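This report refers to the structure that appears directly beneath it.
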Amino acid sequence: MGREFLEIFSDWSEDYDEFVEGKDPEYQEVFKNYDRILNELVSRSGNSIIEFGIGTGNLTLKLLAAGKTVFPIEPSREMREAAQKKLPTELEIIDGDLQKYPKPDRAIDTMVSSYVFHHLTDKEKALVLKDYALRLEENGKVVFADTMFKSKAAFFQKLNEAKKQNFYRLAEDLEREYYPIVSTVEQLFEEAGFDVDVQQMNDYVWIVTGTKK
């Protein structure tokens, strides 16, 4: 994933779970329905999964509890260390990202992530989706939950709201990273060879499910 942001997420590792639990007012709306979002990702996933950017392992835990096999990937050493405290000791967390990762020695039917895809530019998004399509069998899935916006106007509305509320960290975040427009994501999935479905989960986050044709 865009490793230019790696330091930010390494610094965030100690507090990340407090953010997703809604304890920081700036990010409450971003992580609204967080548990429901993760459960939806689990329900849409197959049985043999690559999870990109596992963070502190919240989604990984749910996938494992559902009896799924997970190949967990995380570029931040600090996040890997935080996740390893939660996850089974025998589960190796791999240093990798959305673009560069060791290939599993088993068949994979789903690639999943939460709050990760926006670290890539639209050009990088297009390239990785084409790569994933090559690695998946027919009906394999890419299931991503991430912040995105219905339109550029919707993006600027949220950005201006953040500034008016003095949510400066959120505003900086929105301006710094590569949050996409929903229609752009749909187009990128379709061009990579996926049937695509999108579902809005809160004012910021959508789940995108791409099924390989």
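For this structure, a couple of remarks:
- Probing with 1.4 Å while keeping every protein chain in the model, the per residue accessible area of the range 38-163 equals 43 Å².
- Sorting 25-34, 136-145, 81-90 by average packing, meaning the other beta carbons within 10 Å per residue, from highest down gives 136-145, 25-34, 81-90.
- Per residue, the Cα convex hull of the chain amounts to 106 Å³.
- Computed 3J(HN,Hα) for the range 82-87, one whole-Hz value per residue from the Karplus formula 6.51 cos²θ - 1.76 cosθ + 1.60 where θ = phi - 60°, is 5, 5, 5, 5, 9, 8, glycine and proline marked x.
- Remark: the range 138-154, residue by residue, has Karplus-estimated 3J(HN,Hα) of 3, 6, x, 10, 10, 10, 10, 9, 7, 6, 7, 9, 5, 7, 5, 4, 5 Hz, where x stands for each Gly or Pro and the curve is 6.51 cos²θ - 1.76 cosθ + 1.60 at θ = phi - 60°.
- Two-site FRET efficiency, residue 139 against residue 81, from Cβ-Cβ distance with R₀ of 35 Å, rounded to 0.05: 0.45
- Sequentially through the range 51-64, phi angles give Karplus couplings (6.51, -1.76, 1.60; θ = phi - 60°) of 10, 8, x, 6, x, 8, x, 5, 5, 4, 4, 5, 5, 5 Hz, Gly and Pro residues having no value and appearing as x.
- Carbon/sulfur fraction of accessible area - the chain, other protein chains in place, 1.4 Å, %: 46 percent
- Viscosity 0.890 mPa s, 25 °C: Kirkwood-radius Stokes-Einstein D of the range 43-126 over Cα pairs, µm²/s: 189 µm²/s
- Overall form of the range 94-213 per C-alpha gyration tensor (a/c, 1.5; a/b vs b/c): prolate
- Among the listed pairs 23/212; 85/123; 100/164; 62/100; 103/152, those with a Cα-Cα distance over 29 Å are 23/212; 85/123; 100/164; 103/152.
The values are calculated or read from the model by the stated rules, or taken from the named source; none is laboratory data. Note that the structure is a prediction, hence the values are computed from the model and not measured. Reconstructed Cβ throughout: ideal geometry from the backbone, glycine too, with neighbour counts over all protein chains shown. These accessible areas exclude ligands, DNA and RNA; they are computed on the full protein's heavy atoms, side chains included. Shrake-Rupley method; radii C 1.70, N 1.55, O 1.52, S 1.80 Å.
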